[in-house]
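K.L.:
Got a structure for you, written out below as structure tokens; questions coming shortly.
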Amino acid sequence: MSVADAQTSTDSLGGGNVPEHVAIIMDGNGRWAKDRSKPRHAGHRAGVAPVRKIVEHAARRGVSYLTLFAFSSENWQRPRVEVSKLMGLFVEALQRELNSLHRNNVKLKFIGARERLQNRLCKKIEAAEAKTEGNSGLTLIVAVAYGGRWDMVNAARQLAECVAKGDLKADEIGESHFSQALALGGVPDPDLLIRTGGERRISNFLLWNLAYAELYFSDCLWPDFGEDEFDDAMAFYASRQRRYGNTEKQLGIA
Ligand code: FPP
């Protein structure tokens, strides 16, 4: 089934309670490769197929925004060959998948410190965003060279500049100004965070935006993550009661 004609099939999940925005920390590529006595980059390469599968499946389930953590601010510290192979893989995957994503009405957006990326990747990113800008299906957001702290410092800088220019008063700054200045400004906060690979931490991903997200940790290594594992996460989400700091009584569910 293509992404375009698959938006509403939420059958096995009880229909209604589908997260509008799912964020995923794709972890475990290195261990997947190690288990097979392969180099780490073989694990990253094996991680591309589940990206394609989960993009299609998330759209099929009615998710509107999918944000994938592909490369963190801290990942620059990895061995040079691994970083360089990963960057090459991003270029290659974009080149190969862009037409199909576009055909399926997917809108692509990248977040992160773009100025740190190689020119050839930046150019591909800009072209992909421009080509898919008018699409109205799933919004796929890829975080590359992204860190939650980098994002917040960046937002603080932007607001400080507005204050310095006299466009905003410091005591007028509220949560909405701050969240608008973040990389995901204008995008609803993730409802569900999935982390694969068995670790139970957020690792400097969307620190502000995940404030009320439901957290789902899977032991499955990313290259093995598929539709069934995604549906397990969706079922977990559907079973959660989101109170945003209110009591059950206030929400009329006691
Ligand atoms: C974390 O696993 C994974 C990454 C740092 C890279 C993620 C990249 C992909 C899944 C490739 C495809 C992505 C796109 C967007 C086309 P790890 O290396 O930390 O694994 P480990 O914890 O087992 O060492």
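The values are calculated or read from the model by the stated rules, or taken from the named source; none is laboratory data. Everything quoted here is computed from the prediction, not taken from an experiment. Every residue, glycine as well, gets a Cβ built from its backbone with ideal geometry; the counts of neighbours run over all protein chains shown. What goes into the accessible areas is simple: the full protein's heavy atoms, side chains included, and nothing from ligands, DNA or RNA. Shrake-Rupley method; radii C 1.70, N 1.55, O 1.52, S 1.80 Å.
K.L.:
Look at the stretch 67-84 and say how many of its residues are buried (at least 18 other Cβ atoms within 10 Å of the Cβ) and either touching a Lys or Arg at 6+ places or on another chain (Cβ under 8 Å) or farther than 30 Å from S136 by Cα (or both).
P.N.:
The total comes to 1.
K.L.:
Further question: From (1) within 15 Å of the ligand (Cβ to nearest atom); (2) surrounded by fewer than 20 Cβ atoms within 10 Å (Cβ to Cβ), pick out the condition that doesn't hold for R103.
P.N.:
It fails just one condition, (1).
K.L.:
Pairs please, first residue from the stretch 79-99 and in contact (Cβ under 8 Å) with a residue 40 or more places away in the chain and farther than 17 Å from H41 by Cβ, second anywhere and in a helix (DSSP H, G or I) and open to solvent by 20 Å² or more (accessible area, probe 1.4 Å), Cβ atoms under 7 Å, 6+ apart in sequence or on different chains.
P.N.:
So the pair list comes out as E97/R52.
K.L.:
List the number of the failed condition for R243; all other conditions in (1) over 26 Å from G112 (Cβ atoms); (2) of a type in the set (D, E, K, R); (3) modelled with pLDDT of 95 or more hold.
P.N.:
Failed condition: (3).
K.L.:
For the stretch 12-31, check the following and say yes or no: at least one residue is modelled with pLDDT under 95 and either within 11 Å of the ligand (Cβ to nearest atom) or among the hydrophobic types (A, V, I, L, M, F, W, C) (or both).
P.N.:
Yes, some residue in the stretch 12-31 is modelled with pLDDT under 95 and either within 11 Å of the ligand (Cβ to nearest atom) or among the hydrophobic types (A, V, I, L, M, F, W, C) (or both).
K.L.:
I would also like to ask the following. If S37 satisfies every condition in (1) surrounded by fewer than 18 Cβ atoms within 10 Å (Cβ to Cβ); (2) in contact (Cβ under 8 Å) with a residue 40 or more places away in the chain; (3) more than 12 Å from the ligand (Cβ to nearest atom) but one, which is the exception?
P.N.:
(2)
K.L.:
Which of (1) buried (at least 16 other Cβ atoms within 10 Å of the Cβ); (2) outside any loop (DSSP other than H, G, I, E, B); (3) among the charged types (D, E, K, R) is the odd one out, the single condition D189 does not satisfy?
P.N.:
Status for D189: all satisfied but (2).
K.L.:
Could you tell me whether S64 is touching a residue at least 24 places away in the same chain (Cβ under 8 Å), closer than 21 Å to T139 by Cβ and more than 11 Å from the ligand (Cβ to nearest atom)?
P.N.:
The answer is yes for S64.
K.L.:
In the stretch 214-245, which residue that is open to solvent by 60 Å² or more (accessible area, probe 1.4 Å) and part of a loop (DSSP other than H, G, I, E, B) is nearest to M26 (Cα to Cα)?
P.N.:
D219
K.L.:
Identify all residues within the stretch 67-94 that are among the polar types (S, T, N, Q) and within 10 Å of the ligand (Cβ to nearest atom); write none if there are none.
P.N.:
S72, N75
K.L.:
Answer with yes or no whether V144 is in contact (Cβ under 8 Å) with a residue 60 or more places away in the chain, open to solvent by 20 Å² or more (accessible area, probe 1.4 Å) and either under 27 Å from K107 (Cβ atoms) or out of contact with any strand residue (DSSP E or B) (no Cβ under 7 Å at 6 or more places or on another chain) (or both).
P.N.:
Judged against the criteria, V144 is not a match.
K.L.:
In addition: Out of the residues in the stretch 158-183 that are open to solvent by 100 Å² or more (accessible area, probe 1.4 Å) and part of a helix (DSSP H, G or I), state the one that is nearest to A211 (Cα to Cα).
P.N.:
Among those residues, the one meeting the criterion is E175.
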